[in-house]
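Data first, discussion second: the structure below is written as C-alpha cells.
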C-alpha cells in the first residue's frame, strides 16, 4: 500500500472515540484520509482522537450523535459535507453489549442493543449514501461480532443484532454494486483488557489459536485495505479477524 493511498478521501466512523473505532480512525488518517470521529456523547474523548490525528498532520473532526437518532445522524452527515465536501467511506462500528438471560430481558433491553447495532447502521447508511454514491470509490464497512456466528449465553439480543449485520451487509452489497460501492463486514474477536494485553478473557467459546486476545490495532490494517484501492473487488464478505477462534465459511 502507498503511504497515502487514501489522500483526499473522507471517512465517517461511528463509535470512534475509543478501542477499535479509534484504531481504525488513526490508521485511515495515516493513509491520508480525513476522518469524522463520531461519539454518542463523550465529546472530550472524540476530541482526544482528533488531536492525535492532527498532531501527525492529518485532518479530523468530532461529530456528537447517537446513531439511533436519525435527525442527529443526518446532521452529522451534513456537518461532514460542510467541512470536508464529500463522504467516501462509512464505518458502522457503534455498538452496545449487555449480558442478560432471555427470561429476565425486557423488550427495552432488546431494543437498546438491536437499536444501536441495526437501526444505527440503517440510519447512518441512509444519511451518508447520497454522498457515497458520488464517490468514485465508495465503501461501507460494518463491524460484526464473534457471537453473531458462534452464539453466546445471556446475549441473545447481541447475537441477533450482530447476525443481522451480516444480512444487512449482503443485502446492501447486492443493491449498491451497480454504484460501484463495496460493502463488507469485519468480525472482530474479543478484546484484551488494556492492562492485560496478553490475557485471554474467561469465556466458554473463546479459545484463540494465536494464544492471546485481540488488540484494537489488529483490525485497523484490514479496514484500510477494504476501504482503499486494494479492496475494490471485495464486496458482500463477512471477514473474521479472530486469531483462529472461529473458522468462518
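Dimensions of region 10-241 along the principal axes, based on C-alpha atoms and rounded to the nearest Å, stand at 47, 36, 34, largest first. Here the calculated FRET efficiency for residue 134 and residue 241, from their Cβ-Cβ distance with R0 = 35 Å, stands at 0.70, rounded to the nearest 0.05.
Using only the alpha-carbon atoms, how far is helix 70-84 inclined from the longest principal axis of the chain? Give it as 0 to 90 degrees, nearest 10. Rounded to the nearest ten degrees, it is 40. Summarising the label geometry, the points placed 7 Å from Cα in the beta-carbon direction at residue 86 and residue 43 lie 3.0 nm from one another. With R₀ fixed at 35 Å, the C-beta to C-beta distance from residue 212 to residue 74 puts the FRET efficiency at about 0.30. Each DSSP beta bridge with both residues in the chain is either parallel or antiparallel, and the antiparallel ones are about 5%.
Once the Cα atoms are used to define both axes, helix 19-30 deviates from the longest principal axis of the chain by about 30 degrees. Each of 27, 103 was scored by other Cβ atoms within 10 Å of its Cβ. Arranged with the fewest first, they read 103, 27.
Between residue 108 and residue 4, the FRET efficiency estimated from the beta carbon spacing at R0 = 35 angstrom works out to 0.15.
Label separation (residue 174 vs residue 52): 3.8 nm, computed from points 7 Å beyond Cα along the C-beta direction.
By the count of neighbouring beta-carbon atoms within 10 Å, fewest first, 247, 219 end up ordered 247, 219.
By the count of other C-beta atoms within 10 Å, a proxy for reagent exposure, 217, 185, 147, 160 are ordered fewest to most as 217, 160, 147, 185.
The relative contact order of the chain, computed from alpha carbon pairs under 8 Å that lie at least 6 residues apart in sequence, is 18 percent.
In the chain, the calculated helix contribution to ellipticity at 222 nm averages -12000 deg cm²/dmol per residue, counting -39,500 (n - 2.57) for every DSSP H run with n ≥ 4.
With both labels modelled 7 Å from their Cα along Cα-to-Cβ, the residue 97 to residue 18 distance reads 1.2 nm.
Only the coordinates and a few stated rules stand behind these numbers; no lab work does. Everything numeric here is computed off the predicted structure, so don't read it as measured data. Cβ sites come from the backbone with ideal geometry, for glycine too, and all protein chains shown count toward neighbours.
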